[in-house]
Amino acid sequence: MIVKGGSRGGPGQLAKHLMRTDTNERIEVLELHSGIDDLSATFRDWQTLCEGTRGTKGLYHVNIDPDARYDMTRQQWVRAVEVLEKELGLDGQPRAVVMHEKKGRQHIHVVWQRTDLETMTLRSDSYNYLAHERASLRMEQEFGHEHVPGKHAKRDREKQAAFPRAEATHGEWQQAERAALSVADRRAQIAALKETADNGAAFKATLEDAGYMLAQGDKRDFVLVTEEGSVLSLGRELKMKAAEVRAFMADVDRAALPTAAEAKAMQRVREDAPAPEAITPPSPEEQTPPVAEDRPAAPEEVQQPDLPPALDPVVARALDERQRQEVEKLAAWHDTEARHLDHVLSIELQEKLDHQAAMHSAARDRLKRETEEKRSGIDGFIDALQNRLNPGRGAEQRAAREKAWRQLHAQQARERHDMQVLWEQTHAEQREELRERHAQQRREQAAQFAAERQRYTEDAERAAELRRRIEEERRIEEQQRQARRDTGPPGRTK
């Protein structure tokens, strides 16, 4: 049972995502604790309530996804939501539950209102990953599902000595969805291309033949840009360390490669360009026969094609300027959102580190207090007397105390490291989700610009057609007046 999610804002975008019919075969709203039967309006109301708490994330959205081998009943779905709600500390809060069915597989999305109306505070979302795994473990035990290992509450340190990492991030999964190629298949394809290449230059050529484009990354030495414009880390795709990738690609001049943005633009140009076989010369019957020099065509016989009227230059310039300003405004907003996300995540990290430091300090004080209690009072006097009589026993006790302190320090160091790794993973995932959302907004803005320009063009066509009709009517009226003048008044003959 996989449980993923977190606190968020963006009520409109979330409601739109939950009700998407293009990516889901069936959608069903199982629960909606609201006075109105509208997800978008409900989520907006819940988000508005959090403004009274000075918070920014008034919603908690989570996805519960069981293994495809198990068919969940309606009662089990309800029980799963109750278990997760209890673990997250969101019991009693209004919620919405939406079921999605895709490719014959069902999963549910649950959205809670985080604002507690009695205290006008946001329900805490600290250590939510631990709560997810505790709830997942309880669900698996209650429903009889196969246990799925986790990173935190479901982690077996003896079997998972190293901190486990996901095979693919959420952003990579979305890229695979758009490309209709799974992450595993894509990586197998790229690995097979590498096996056929003896060096970096040959590998670069095989990648380009397969539709990829090698580029220089901002933080990584080499990245791949797919035909759809997705940017992939070459090292992550090949499961190689940065030094190993650098050694294999030593014969490729990184400075000569395009940047990721340039490679994406080149991929768009390549996609828009027609294939060579699609360009065929016209047949002899379709070719226009040459006009003999001694019989030039009369001007009235030359017909111009009906072209749509171009936009007025003044209107086109004004439209271009306004659209440019809107693009800059959206880019500035995206930059602000990215900086705000970094700021919020850094504050959350500091709060969690402070809380963890306080717990660690309490654990050290407790161990110190227990050690001192054993060495004081009557028990301590008797213990000291026995150690004097048996010096080896005292050395063993000192070694045991030192071992307990070493184990405590090692455990706390692992927990601090896990906390840092978890934060970095969460940060990367949320930044990737934000980049995906920004890319979608830019695509929607470009589509709006195209629709707007089309609308202006259609208006110009209608205006031109209206002018032609008016001119035609005037011409007919003028012909009629001229005919009346030529015939004279009725009843008179020349």
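The values are calculated or read from the model by the stated rules, or taken from the named source; none is laboratory data. Keep in mind the model is a prediction, meaning the values are calculated, not measured. No Cβ is skipped: glycine too gets one built from the backbone with ideal geometry, and neighbour counts run over all protein chains shown.
Of the residues Glu237, Glu321, Glu300, Glu244, only one is farther than 25 Å from Gln216 by Cα, modelled with pLDDT of 80 or more and assigned to a helix (DSSP H, G or I); which?
Within the list Glu237, Glu321, Glu300, Glu244, the selection yields Glu321.
For the structure I just gave you, tell me whether Thr48 is surrounded by fewer than 15 Cβ atoms within 10 Å (Cβ to Cβ), of a type in the set (Val, Ile, Thr) and modelled with pLDDT under 90.
Answer is yes for this residue.
Kindly evaluate Ala483 against the criterion of being of a type in the set (A, V, I, L, M, F, W, C), without any contact (Cβ under 8 Å) to a residue 24 or more places away in the chain, over 22 Å from Arg339 (Cβ atoms) and surrounded by fewer than 10 Cβ atoms within 10 Å (Cβ to Cβ).
yes
Could you tell me which residue of region 402-419 is farthest from Glu370 (Cα to Cα), considering only residues that are in contact with a helix residue (DSSP H, G or I) (Cβ under 9 Å, 6 or more places away or on another chain) and in contact (Cβ under 8 Å) with a residue 40 or more places away in the chain?
Met419
Test Ser40 against the criterion of being of a type outside the set (Phe, Trp, Tyr), farther than 22 Å from Met72 by Cβ and in contact with a strand residue (DSSP E or B) (Cβ under 6 Å, 6 or more places away or on another chain), and give yes or no.
No: the conditions fail for Ser40.
Is it the case that some residue within region 49-68 is among the polar types (S, T, N, Q) and under 23 Å from Gln440 (Cα atoms)?
Yes, that holds for at least one residue.
Let me confirm something: among Arg406, Arg416, which residue is among the charged types (D, E, K, R), farther than 29 Å from Trp333 by Cβ and exposed (fewer than 12 other Cβ atoms within 10 Å of the Cβ)?
That would be Arg406, the only listed residue that is among the charged types (D, E, K, R), farther than 29 Å from Trp333 by Cβ and exposed (fewer than 12 other Cβ atoms within 10 Å of the Cβ).
For region 247-285, enumerate the residues that are under 20 Å from Leu232 (Cβ atoms), at pLDDT below 80 and not charged (D, E, K, R).
Ala265, Met266, Gln267, Val269
Among the residues of region 199-231, write down those that are within 13 Å of Arg246 (Cβ to Cβ) and within 28 Å of the chain's Cα centre (by Cα).
Hits for region 199-231 are Gln216, Gly217, Arg220, Asp221, Phe222.
Find the residue count for region 7-16, including only residues that are closer than 17 Å to Arg95 by Cβ and not small (Gly, Ala, Ser).
Adding up the residues that qualify gives 3.
In region 46-68, is there at least one residue being in the same structural domain as Leu130 (by TED's automatic domain parsing), closer than 25 Å to Tyr129 by Cα, in contact with a helix residue (DSSP H, G or I) (Cβ under 8 Å, 6 or more places away or on another chain) and aromatic (Phe, Trp, Tyr)?
Yes, region 46-68 has at least one match.
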